[in-house]
Every structure is written in structure tokens, then in C-alpha cells.
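J.: Next up is a structure, given as C-alpha cells.
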Amino acid sequence: MKRRTFIQNSTIAGLGVTVLGKDEPKKSSPFKSNNGKLKVGVIGTGLRGQGHADLIWRRDDCDLVAICDISQRMIDRTKAICEKHGKKLPTIYQSGPHAYKEMLEQEDLDAVIIATPWRWHVPMAIEAMEQGVYVGMEVSGAASVDECWQLVRTSERTGSHLYFLENVCFRRDVMAILAMVREGLFGEMMHLECGYQHDLRGVKFNDGETAYNSGAEFGEKGYSEARWRTQHSVTRNGDLYPTHGIGPVAQYTDLNRGNRMLFLTSMATKSRGLHEYIVNHPKGGPDHPNATVDFKLGDKVTTMVKTVNGETIVLHHDTNLPRPYSLGFRVQGTKGLWMKVRDGIHIEGLSKSHRWEDSKTYLDKYDHPLWKRYEQRAIGAGHGGMDFFLMHSFIEHAKRGETPPFDVYDAASWMAITPLSEQSIAMGSAPVYFPDFTDGKWIDRKNTFAHGDEY
Ligand SMILES: NC(=O)c1ccc[n+]([C@@H]2O[C@H](COP(=O)([O-])OP(=O)(O)OC[C@H]3O[C@@H](n4cnc5c(N)ncnc54)[C@H](O)[C@@H]3O)[C@@H](O)[C@H]2O)c1
């Protein structure tokens, strides 16, 4: 039996806690080793995993002791980041797609971050939870509802925590709006909109040496996400990436904490964007082999969710058409609304009747204490600094073995939007009901996210 499993079992036995079945996760990461430093591993050191590694190496309260990937190029890029920080090279696991099991077996990790392609998230998270490691799992939609249940049941049985790494919950304006929602400025929540609207037709980036663009290629010949993500557009038709939208909205409406998603209905347009991109790309053309691919994913997928407390939530998924990036937030209550697309705010009694106001005044006034406190440390972190807040929160929760703000129940229900929206579309937009992954615990659970200014 591994040390961590032993500590976990003896602690649970000592507390007389029943872990089978319906109990919430109680603990993981006793965090007793390594001179008070959290021992962290990263599985998947692609573009996202490298960002996480960089943030870990900036800290002095944790050590990145092991990394795992199957791509030599990505490992080399990660090693270069390590050298830049002057840190000790982590042990590298790269013997194949299941090398992560070796890593979890051999390293006595306190915490692990999973930043691999979507299909790997759940098996890797389950394996890590079985080992008693505090898990940070990157965001995605689920492949099936059953997969979501597996996450929940494993966490409940092992007592291991799963932190669902939804960084947009930490976006500065998103958090200021949360403060306004909690002060009641918008009144009672009524209708919310959100989504993932990001032109992903080509993965373009520059690593300092080479500018990459997957162009008309995906799969084996693609780079980074184009190697695996585009394939989902070939085979699936649903909201493939719901969490950047539903994560913040879940905080505004207390989902899984006094409220929950009841059912959804989903509709998709026809699919044109990827085909036209391939046909018109200089490296593609009508004779390119990928010009014959029959993409299943509708270019615009619209999903509407009804909550138990009576709010409606619209989720937009829009990744294969030309468009500027936007998560398209709208937060509307009985007394006013905030809309990101229009970038306006209107509060009854404060704003001129029927007039938008510039939201900046409000966003400055309600700037979250966390942002005021850590603004300087967040400089240079990804996605406008919010990735610092996510990593900081993950590490601090893992150090204490605390329940994360976005936990296994959130992961399961947010990820379930994907298979449920696929089902709804396949059945002519029929309503599809959400399972209650909390088994009724949502009634009493409290929203703990960002109530203080510590982490
Ligand atoms: N929250 C955010 O803002 C954000 C941003 C980008 C990506 N992501 C998420 O992060 C994840 C990774 O995305 P990415 O852009 O880094 O993709 P990527 O393709 O650049 O990285 C994935 C890495 O996983 C590796 N990998 C694949 N199978 C593996 C296995 N079996 N074992 C170990 N390594 C394996 C690949 O070689 C690659 O290096 C995805 O879930 C994506 O949705 C989140």
C-alpha cells in the first residue's frame, strides 16, 4: 500500500467516516513531504500544460517533480521553460500513452494537473484519485454521462478531491460581476447567456523559432489541439466545450448549491465552416484529402438550460466560423443586466431609463478583493492574468486538502452538457434531463467560491 493510501485510509478510519456511496469527498493530499513544499506532477505538457508548468515554477511553495507526455517536442519545450526558471528538471515519463500510470505509481505526488486531450481526462483523473492525489483536471465536455458518474463515484469512494480547472471563473470582470450579483444589484437572477465563441479553424502560434499553422491539416499532421480536437468536429454534434461559459454562470446562479440544472434543449446549424476553410486555404484546396471530410458538428450550436430555481441559460458554441473571440456573457436579473457583447450595463434606479451605461465604472468599483490583492503577481500569467488566480487557488486548496470551489459535482454536471446536448440535437431538440450528480446534496451545499480574499 502506498504511503498516501495508507494515510488516507487511516485518517478516514480514525474519523469514523463512511466513504462508500453517497458521502462527499473528505480529503486528499495530506501534504507532509518535501520540506513543506507541495509535490506536483503534470500529465500533458502541450501548450496548456506548459503554461501550468511555468506558473508552478514561478512559486516557491511547490516543486514540479514529474511530467508526462508522449511528444518529445512538447517535453523539450517544457524543459526549456524549466531551464529558464533555473529549477531542477522533473522526472520525465514518456514511455507511451499509459506512462501516466507509472508516474502516479512511482512518484509520491501531493497533487497532479491533467492537461491532455479531452478523451484522456477522466481515466487519468480516476487513476490519480485512486492513488489519493489531489487532482486538477483541465476543462472539457464529457464523452458520456456515464463518464461523469465515474468521476463522482471515484471521488466519493476514495475521498480524493477533484479541482475542475475552470479559469474563466477568475476573469476580472467576471468576478466583479459576481460581487454585484451577490450584492443584489441585478436583483433576482432570471436569464443568463454564455458560451465558447472562438474561431479554432487553424491553430496558429509562434514558439520563438517557428510559426505553426495547422492549415488544412488535422490529426497526425496537425499541431497541438489540431492533432485531436478537430476530430471531435468530425464525429460529434453538440456543445463540445461548455465550461468557460457555464463555470461563471454557475457562480451567479449557485448551481449545485441550492440550485441545479434541470433539463436542456439544443439545436445546431448545418456544418460549413471547416469544409470551406479547407477548400479555400492556400495549403488546402478542393483536391486536398480533407476536403472530402463530412464534418458532423454544426457551425453554431445553441443550448438552452432550465434550472430548478427558474432561470434560463443559453450557451453558444461557435468554433468553426470566422469571428472574433467572445464568451458572450449576459447576466440578467429583475433589476438590471450586464452584457459583454454590447459591453454595457443597466441598473434600474442608477442608470438613465432605457440607456446603457459604460460598465467600467461598475467593474472598477466592484473589483474583487482577490484581484486587488494579487494583481502584481498575476502580471504575465495567461489569459489576462486569470491563469495565475486559478493556479494559486489550486495550489492553496491542494496544500490544505480542501474541497475545491469547482469540485467533482461541478465537473460532472458542467461536462454532462456535452453528451446531453448531443442527445437533444439527435432527437430533434427534445428536452433532456440532467442527472443529479450530487444525489440531493445540492439542496444544502453552499457556494464557497471567492467569498474571501485569501485564495
Ligand atoms: N482553460 C483554458 O483556458 C485552456 C486553454 C487551452 C487548453 N485547455 C485545455 O487543456 C487541455 C490541453 O490542451 P492543449 O491546448 O495544451 O493541447 P495540446 O495538444 O497542445 O496538449 C496536449 C498534450 O497532451 C499530450 N498527450 C496526449 N496523449 C497523452 C497521454 N496519453 N499521456 C500523456 N500525454 C499525452 C500531447 O502530446 C500534448 O503534448 C485540453 O483539455 C484543452 O481543452 C484549456
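J.: Answer yes or no as to whether GLU130 is outside the structural domain of GLY245 (by TED's automatic domain parsing), in contact (Cβ under 8 Å) with a residue 12 or more places away in the chain, surrounded by fewer than 21 Cβ atoms within 10 Å (Cβ to Cβ) and of a type outside the set (A, V, I, L, M).
T.: Working: outside the structural domain of GLY245 (by TED's automatic domain parsing): yes; in contact (Cβ under 8 Å) with a residue 12 or more places away in the chain: yes; surrounded by fewer than 21 Cβ atoms within 10 Å (Cβ to Cβ): yes; of a type outside the set (A, V, I, L, M): yes.
Criteria met by GLU130.
J.: Sticking with this one: If I go through region 90-122 residue by residue, how many of them are in contact with a Phe, Trp or Tyr (Cβ under 6 Å, 6 or more places away or on another chain), in a helix (DSSP H, G or I) and aliphatic (A, V, I, L, M)?
T.: Our first condition is that a residue be in contact with a Phe, Trp or Tyr (Cβ under 6 Å, 6 or more places away or on another chain); within region 90-122, this holds for 99, 102-103, 110-111, 117.
Restricting the remaining residues to those that are in a helix (DSSP H, G or I) gives 99, 102-103.
This time we only want the ones that are aliphatic (A, V, I, L, M), so: 99, 103.
Of the residues in that region, 2 qualify.
J.: So which of TYR241, TYR163, TYR196 is part of a loop (DSSP other than H, G, I, E, B), in contact with a strand residue (DSSP E or B) (Cβ under 6 Å, 6 or more places away or on another chain) and either aromatic (Phe, Trp, Tyr) or within 12 Å of the ligand (Cβ to nearest atom) (or both)?
T.: Values: TYR163 fails: part of a loop (DSSP other than H, G, I, E, B); TYR196 fails: part of a loop (DSSP other than H, G, I, E, B).
Of the residues listed, the single one that is part of a loop (DSSP other than H, G, I, E, B), in contact with a strand residue (DSSP E or B) (Cβ under 6 Å, 6 or more places away or on another chain) and either aromatic (Phe, Trp, Tyr) or within 12 Å of the ligand (Cβ to nearest atom) (or both) is TYR241.
J.: Please tell me if GLY245 is modelled with pLDDT under 85, within 23 Å of the chain's Cα centre (by Cα) and of a type in the set (Gly, Ala, Ser).
T.: On the way: modelled with pLDDT under 85: no; within 23 Å of the chain's Cα centre (by Cα): yes; of a type in the set (Gly, Ala, Ser): yes.
No.
J.: Something else now. For the condition out of contact with any His (no Cβ under 7 Å at 6 or more places or on another chain), modelled with pLDDT of 95 or more, under 30 Å from LYS37 (Cβ atoms) and crowded, with 21+ Cβ neighbours inside 10 Å, what is the one hit in ALA411, ALA416?
T.: That would be ALA411, the only listed residue that is out of contact with any His (no Cβ under 7 Å at 6 or more places or on another chain), modelled with pLDDT of 95 or more, under 30 Å from LYS37 (Cβ atoms) and crowded, with 21+ Cβ neighbours inside 10 Å.
J.: Here is a further query. Would you call HIS121 free of Cβ contacts under 8 Å to residues at least 12 places away in the same chain and within 8 Å of the ligand (Cβ to nearest atom)?
T.: Details: free of Cβ contacts under 8 Å to residues at least 12 places away in the same chain: no; within 8 Å of the ligand (Cβ to nearest atom): yes.
So HIS121 does not fit the description; no.
J.: Looking at ARG59, is it touching a residue at least 24 places away in the same chain (Cβ under 8 Å), basic (Lys, Arg), near the ligand (Cβ under 9 Å from one of its atoms) and outside the structural domain of GLU225 (by TED's automatic domain parsing)?
T.: Working: touching a residue at least 24 places away in the same chain (Cβ under 8 Å): yes; basic (Lys, Arg): yes; near the ligand (Cβ under 9 Å from one of its atoms): no; outside the structural domain of GLU225 (by TED's automatic domain parsing): yes.
So ARG59 does not fit the description; no.
J.: Just name the residue that is farthest from the ligand (Cβ to nearest atom) out of those in region 211-238 that are within 15 Å of PRO289 (Cα to Cα), in a helix (DSSP H, G or I) and not β-branched (Val, Ile, Thr).
T.: The residue in question is LYS221.
J.: Please tell me if VAL139 is under 30 Å from LEU274 (Cα atoms), under 17 Å from the mean Cα position of the chain (by Cα) and either within 16 Å of the ligand (Cβ to nearest atom) or surrounded by fewer than 24 Cβ atoms within 10 Å (Cβ to Cβ) (or both).
T.: On the way: under 30 Å from LEU274 (Cα atoms): yes; under 17 Å from the mean Cα position of the chain (by Cα): yes; either within 16 Å of the ligand (Cβ to nearest atom) or surrounded by fewer than 24 Cβ atoms within 10 Å (Cβ to Cβ) (or both): yes.
Considered against the rule, which asks whether it is under 30 Å from LEU274 (Cα atoms), under 17 Å from the mean Cα position of the chain (by Cα) and either within 16 Å of the ligand (Cβ to nearest atom) or surrounded by fewer than 24 Cβ atoms within 10 Å (Cβ to Cβ) (or both), VAL139 comes out as yes.
J.: Any idea which of (1) surrounded by fewer than 23 Cβ atoms within 10 Å (Cβ to Cβ); (2) within 14 Å of the ligand (Cβ to nearest atom); (3) outside any helix (DSSP H, G or I) is the one LYS87 doesn't satisfy?
T.: Here LYS87 meets the rest and fails (2).
J.: Are any residues in region 123-156 among the aliphatic types (A, V, I, L, M) and outside any strand (DSSP E or B), and if so, which ones? Give the steps one after another, and end with the answer.
T.: Looking only at region 123-156, we keep the residues that are among the aliphatic types (A, V, I, L, M), and these are 124-126, 128-129, 133, 135, 137, 139, 142-143, 145, 151-152.
Correct list: MET124, ALA125, ILE126, ALA128, MET129, VAL133, VAL139, ALA142, ALA143, VAL145, LEU151, VAL152.
J.: Out of the residues in region 159-170 that are crowded, with 24+ Cβ neighbours inside 10 Å and under 30 Å from GLU348 (Cα atoms), state the one that is nearest to the chain's Cα centre (by Cα).
T.: CYS169
The values are calculated or read from the model by the stated rules, or taken from the named source; none is laboratory data. Remember, it's a predicted structure, so these values are computed and weren't measured experimentally. Because the Cβ atoms are built from the backbone with ideal geometry, glycine has one as well, and the counts that use them run over all protein chains shown.
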